[in-house]
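Here's the structure we're looking at; comments come further down.
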Amino acid sequence: MNAAWSSPFVLIGGLLLLYVTLVLLVMVVFKSRRTIDIQRRQQQSPARQTALTVLTESTKGFIDSRLTVRRHGLLSQASLDAAGLKKHASDYVVIAGVVALIAGVTGVALGGLMFGVLVCIIAVLGLYATLRLLTARRRARFDEQVPDTLQMLTGGMRAGHSLLRAIDAGSKESEAPMSEELGRIVNETRIGRDMGESLSEVGARTASEDFQWIAQAIEIHREVGGDLAEVLDHVGETIRDRNQIRRQVRALSAEGRISALVLVALPVIMFTVLCFMNPLYAETFTSTLPGYFMIAAAVVLLSLGSFWLSIVIKPKF
């Protein structure tokens, strides 16, 4: 033990720790407290932008100028708000372009020009399907929250709160996306917009017939008067009955929806597996003109079949 403690490495380590301790002591204890913020000490200079940043900003500005004219397009701000996406439409257009470009280059490197074009088209369709999926999921979740939110509003008004105060309380106690939409109604009303217009816009953005009924009931009450809480109670009973019937229909049509999903996905999955397991056999479809026509015909037939099955398994009532 004594030999170990008398080792020169232990002495050097002890000296290093002592010096570090002294440095920390000087920096912490004897440091002047009258310091100036680094932003005040440094001279303000314009931020340097790289060529990539300038190109990105100019591209986004051009896209914004084009999308401002078209307010109801696929990548308009309204469609992105319906999907719950917070950024500007130009950001997602640039992201989609980069993803499609990377997919196309990867496809060209793996299987040639036609395969690259096919992969690029699949990437664009995948992004479109993702946007539609996010929109559908947000709308479905919003519809599920409508009855509880309506009950919360009626309870707040029976407690003596105004309609705007009840909506504000509902936005704080609810979860997304209901909290986001109610908060947007409150903010728009506070800056001077008519509440009826804000309610109608939320119903149109979420494609919710139940919320549109609520907006119409509130608008009628503002014109003719009466007990709004009682009116909304009757509307809530109707909404709950419709939701019960909707769940029953969804349960009865579950087998049809699964069958449609299997029928549409099976050819695509089998072709993909065939391309990896036997590339020579699949080369007929990816390198000859008749193969391109067969792939195009398959895509058209699958699209028509998907459209027909979507109509059959989604009954209206």
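Things to note:
- Only a single item in (1) at pLDDT 90 or above; (2) open to solvent by 50 Å² or more (accessible area, probe 1.4 Å); (3) of a type outside the set (A, V, I, L, M); (4) in contact with a Ser or Thr (Cβ under 7 Å, 6 or more places away or on another chain) is not met by residue 137, and it is number (4).
- Pairs where the first residue, in the stretch 168-187, is free of Cβ contacts under 8 Å to residues at least 12 places away in the same chain and the second is outside any loop (DSSP other than H, G, I, E, B) and buried (at least 16 other Cβ atoms within 10 Å of the Cβ), C-beta under 7 Å, 6+ apart: 179/171
- Here 175, 197 are screened, and the one residue that is under 25 Å from residue 132 (Cα atoms), open to solvent by 60 Å² or more (accessible area, probe 1.4 Å) and of a type outside the set (Ser, Thr, Tyr) is 175.
- Some residue of the stretch 291-300 being out of contact with any strand residue (DSSP E or B) (no Cβ under 7 Å at 6 or more places or on another chain), within 25 Å of residue 313 (Cβ to Cβ) and surrounded by 14 or more Cβ atoms within 10 Å (Cβ to Cβ): yes
- Meets criteria (farther than 23 Å from residue 153 by Cβ and among the acidic types (Asp, Glu)) for residue 237: no
- Taking the criterion of being open to solvent by 70 Å² or more (accessible area, probe 1.4 Å) and within 14 Å of the chain's Cα centre (by Cα), the residues of the stretch 84-110 that qualify are 86, 87, 88, 95.
- Taken as a whole, the stretch 111-126 holds no residue that is open to solvent by less than 20 Å² (accessible area, probe 1.4 Å) and farther than 30 Å from residue 284 by Cα.
- Helices (runs of 4 or more DSSP H) fully within the stretch 146-256 counting 2 or more residues that are touching a Leu at 6+ places or on another chain (Cβ under 7 Å): 163-173, 178-190, 209-224, 228-252
The values are calculated or read from the model by the stated rules, or taken from the named source; none is laboratory data. Keep in mind that what you see is a predicted model, and the values were worked out from it rather than measured. Cβ atoms come from the backbone with ideal geometry, glycine included; neighbour counts cover every protein chain shown. Side chains are part of the model used for accessible areas, which takes the heavy atoms of the whole protein and leaves out ligands, DNA and RNA. Shrake-Rupley method; radii C 1.70, N 1.55, O 1.52, S 1.80 Å.
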